[in-house]
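Worksheet: one structure, shown below.
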Amino acid sequence: MKIKRVAIIGGGTAGWLAANHLGAELRQSDIEITVIESQEIGIIGVGEGTVPHIKKSLQRFGISEAELLATCDTTFKQGIKFVDWLNPEKHGAGNFYYHPFSSPYPAGYDITPYMLANRIEFEFSAVTACIDVAEAMLSPKRISSPPYMGEVDYAYHFNAVKFGKLLAKNAQEKLLVKHLVATIVGATQREDGAIANLILKDGTELEFDFYVDCSGFASLLIDKQLNVPFIDKSSQILTDSVLALQISTDEASEIKPYTSATAHSAGWIWDIPLTTRRGTGFVYSSSHMSESQAVEQFSKYLQLDVESLSPRKIPMKIGYRESFWCKNCVALGLAQGFVEPLEATSILLTDFSAELLARNFPRFLQDIEPLASYCNRVVSYSWERIIDFVQMHYYISDRNGSDFWRDNTQTQMLSDTLKERLAMWEIHHPKKSDFFSRFDLFDVDNYLFVLYGMKYITRTKPISAYETQVSQTQLQAVKQLSEKLCEALPSHREWLTKFLRAVTPT
């Protein structure tokens, strides 16, 4: 039987990302795609940071960078600045390192051995000009830079609600995706267990051939109907709660071109700058800190009176579905799983999974079994490696001033893969060959910046005169490039202000 009608249950970022990926992939087919969105159910709306892969998706959808910047309170993100993730008593209060989006290989040459042999003299961040550009609050782009291109690599911060609306507009106008406003309360199943019909609140039943569950934590189909087990990862990542709050900003104030991630005694705080406000979130472990203590520490960070603080509390259930694709149903976004937002993983995993589904979409029902089997292996692998990467930040930190940080150093909590990799990286630094799968969404570049930003100890090896000369030459080139960019690039606020003036009708 040919698949002709697809229903996406839920809007928001996940639902409309799925609609755009499927719409772009299937635009030449006779498959009809419908997003069913309820006005009674709100969206989480705090996933406001991305990684550079989102640029490829937006271009594939036909969304211009100018439209994104003009409609979603968008700012540029050159990476993440990790503050106080090392022991403040040993490394000083306010210590920081960057996980940037630029390559750690100047001119394609691996100078890591030289950096490790000279770690007292150099911070690992010296391998890229991105850090100086970010610290100077500069834009990654010149005024004349082409769309989706900059002097250093970048992603975006944006208003998640507005981003969802942009995706919805694009899917409907350019990709002919249909939109139905209705509340789904259940579903019926066929004899083989596949989803047969959706049941609406008014009793109406709607039949489709294929279903994409983007219903958020409710997981209406993948959990409540199909009962796909949830793999709990709370023993590996201990944070389980977040207090979220939006803070208005002065239009004249400078805008940081990065996400801030500031560690505290039981977790960390995100700080995401948009053009008109900051999105902030206090991530913590409820087993190590009470809500009242969290509110108090959050208020100190924000420099606001604790009595006036009214953040939104969001519970975080860390883990993912045993299968994200079950029969004729695929789960994306929060319905698929959740890992705390330390490395902007939520939108990344949703974007990746939606693209994987689109590239492997079955045209006939009999195609589902082999495609689902393959895609489930891919997504499960990606989830496990994402959890490894997030957990590693906590595990290798030398903070030891609270039970939370001490509890994060328990070796038995690590996956076998992460345990093996960390043991290898005590002997030699991470190399591209250590990451044999293209489904490691964070690979050697990312690990190098985090490991050596956090001063991970790797055995040094003798450096030849040639390696020394090439490394020194490359570091000097990076320094010169950094100085050049810091003189030439406009401030982040200046670039955005000039752009918005140019595109806003007078």
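The values are calculated or read from the model by the stated rules, or taken from the named source; none is laboratory data. Keep in mind the model is a prediction, meaning the values are calculated, not measured. For neighbour counting, all protein chains shown are included, and Cβ atoms are generated from backbone atoms with ideal geometry for every residue, glycine included.
Which one is nearest to Leu138 (Cα to Cα) among residues in segment 487-506 that are outside any helix (DSSP H, G or I) and either touching a residue at least 60 places away in the same chain (Cβ under 8 Å) or hydroxyl-bearing (Ser, Thr, Tyr) (or both)? Write out each step before concluding.
Of all residues in segment 487-506, those outside any helix (DSSP H, G or I) come to 489-491, 504-506.
Checking which are either touching a residue at least 60 places away in the same chain (Cβ under 8 Å) or hydroxyl-bearing (Ser, Thr, Tyr) (or both) leaves us with 489-491, 504, 506.
On the way: Leu489: 6, Pro490: 6, Ser491: 4, Thr504: 22, Thr506: 27 Å.
If we take residues in segment 487-506 being outside any helix (DSSP H, G or I) and either touching a residue at least 60 places away in the same chain (Cβ under 8 Å) or hydroxyl-bearing (Ser, Thr, Tyr) (or both), then Ser491 is nearest to Leu138 (Cα to Cα).
Determine which single condition Asn20 fails, assuming it passes every other condition in (1) surrounded by fewer than 24 Cβ atoms within 10 Å (Cβ to Cβ); (2) under 19 Å from the mean Cα position of the chain (by Cα).
(1)
Kindly provide the set of residues from segment 388-434 that are closer than 18 Å to Tyr97 by Cβ, among the aliphatic types (A, V, I, L, M) and touching an Asp or Glu at 6+ places or on another chain (Cβ under 8 Å), ordered by number.
Within segment 388-434, just Val390 meets the criteria.
Scan Ser482, Ser471 and give me the residue that is in contact with a Cys (Cβ under 9 Å, 6 or more places away or on another chain), crowded, with 17+ Cβ neighbours inside 10 Å and modelled with pLDDT of 95 or more.
Ser482
Give just the number: which of (1) outside any helix (DSSP H, G or I); (2) surrounded by fewer than 22 Cβ atoms within 10 Å (Cβ to Cβ); (3) out of contact with any helix residue (DSSP H, G or I) (no Cβ under 7 Å at 6 or more places or on another chain); (4) not polar (S, T, N, Q) does Glu89 not satisfy?
(1)
Looking at segment 441-462, is at least one residue more than 19 Å from Phe82 (Cβ to Cβ) and of a type in the set (Asp, Glu)?
No, segment 441-462 contains no residue that is more than 19 Å from Phe82 (Cβ to Cβ) and of a type in the set (Asp, Glu).
Could you check segment 189-203 and list, in sequence order, the residues that are in a strand (DSSP E or B) and of a type in the set (A, V, I, L, M)?
Ile195, Ala196, Leu198, Ile199, Leu200, listed by residue number.
Being in contact (Cβ under 8 Å) with a residue 24 or more places away in the chain and either of a type in the set (A, V, I, L, M, F, W, C) or surrounded by 17 or more Cβ atoms within 10 Å (Cβ to Cβ) (or both) is the filter here; which residues of segment 455-468 pass it?
Lys455, Tyr456, Ile457, Thr458, Ile463, Glu467
Count, please, the residues in segment 168-188 that happen to be under 26 Å from Lys327 (Cβ atoms), touching a residue at least 24 places away in the same chain (Cβ under 8 Å), over 28 Å from the mean Cα position of the chain (by Cα) and not in a loop (DSSP other than H, G, I, E, B).
4
Can you confirm whether Leu206 is surrounded by fewer than 17 Cβ atoms within 10 Å (Cβ to Cβ), in contact with a Ser or Thr (Cβ under 8 Å, 6 or more places away or on another chain) and not in a helix (DSSP H, G or I)?
no
Quick check, is Val450 within 21 Å of Ser103 (Cα to Cα) and touching a strand residue (DSSP E or B) at 6+ places or on another chain (Cβ under 8 Å)?
yes
So which residues in segment 438-463 are of a type in the set (S, T, N, Q) and either part of a helix (DSSP H, G or I) or over 17 Å from Arg119 (Cα atoms) (or both)?
Asn446, the sole residue that qualifies.
Return a yes/no flag: does segment 211-232 have any residue that is assigned to a strand (DSSP E or B) and within 30 Å of Leu496 (Cβ to Cβ). Talk me through it step by step, then tell me what you get.
Going residue by residue through segment 211-232, those that are assigned to a strand (DSSP E or B) are 211-213, 230-232.
Checking the rest, the ones that are also within 30 Å of Leu496 (Cβ to Cβ) come to none.
No, because not a single residue in segment 211-232 is assigned to a strand (DSSP E or B) and within 30 Å of Leu496 (Cβ to Cβ).
Could you pull out the residue among Asp240, Asp351 that is surrounded by fewer than 23 Cβ atoms within 10 Å (Cβ to Cβ) and either within 21 Å of the chain's Cα centre (by Cα) or modelled with pLDDT under 95 (or both)?
Being surrounded by fewer than 23 Cβ atoms within 10 Å (Cβ to Cβ) and either within 21 Å of the chain's Cα centre (by Cα) or modelled with pLDDT under 95 (or both) holds for just one of Asp240, Asp351, which is Asp240.
For segment 384-429, which residues satisfy the criterion of being assigned to a helix (DSSP H, G or I), surrounded by fewer than 21 Cβ atoms within 10 Å (Cβ to Cβ) and among the polar types (S, T, N, Q)?
Thr411, Gln412, Thr417
Do we find that Pro147 is buried (at least 23 other Cβ atoms within 10 Å of the Cβ) and assigned to a loop (DSSP other than H, G, I, E, B) in this structure?
When the stated conditions are applied, Pro147 does not pass them.
Go through segment 106-143 residue by residue and tally those that are part of a helix (DSSP H, G or I), surrounded by 19 or more Cβ atoms within 10 Å (Cβ to Cβ), within 24 Å of the chain's Cα centre (by Cα) and not hydroxyl-bearing (Ser, Thr, Tyr).
So the count comes out to 7.
Please go through segment 44-67 and pick out each residue that is at pLDDT 95 or above and on the phi > 0 side of the Ramachandran plot.
The answer is Gly62, and nothing else.
Take Ala70 and decide whether it is assigned to a helix (DSSP H, G or I), surrounded by fewer than 21 Cβ atoms within 10 Å (Cβ to Cβ), modelled with pLDDT of 95 or more and within 23 Å of the chain's Cα centre (by Cα). Quick ask: steps written out before the conclusion?
Details: assigned to a helix (DSSP H, G or I): yes; surrounded by fewer than 21 Cβ atoms within 10 Å (Cβ to Cβ): yes; modelled with pLDDT of 95 or more: yes; within 23 Å of the chain's Cα centre (by Cα): yes.
It is true that Ala70 is assigned to a helix (DSSP H, G or I), surrounded by fewer than 21 Cβ atoms within 10 Å (Cβ to Cβ), modelled with pLDDT of 95 or more and within 23 Å of the chain's Cα centre (by Cα).
Within segment 413-428, track down each residue that is closer than 13 Å to Glu384 by Cβ and among the β-branched types (Val, Ile, Thr).
The one that is closer than 13 Å to Glu384 by Cβ and among the β-branched types (Val, Ile, Thr): Thr417.
Which one is nearest to the chain's Cα centre (by Cα), of the residues in segment 308-348 that are acidic (Asp, Glu) and at pLDDT below 95?
Among residues in segment 308-348 that are acidic (Asp, Glu) and at pLDDT below 95, the one nearest to the chain's Cα centre (by Cα) is Glu343.
Cβ-Cβ under 6 Å, sequence separation 6+ or interchain: first residue in segment 384-399 and more than 14 Å from Thr417 (Cα to Cα), partner among the aromatic types (Phe, Trp, Tyr). Which pairs?
If the second residue must be among the aromatic types (Phe, Trp, Tyr), the pairs left are Ile396/Tyr456; Ser397/Trp85; Arg399/Trp405.
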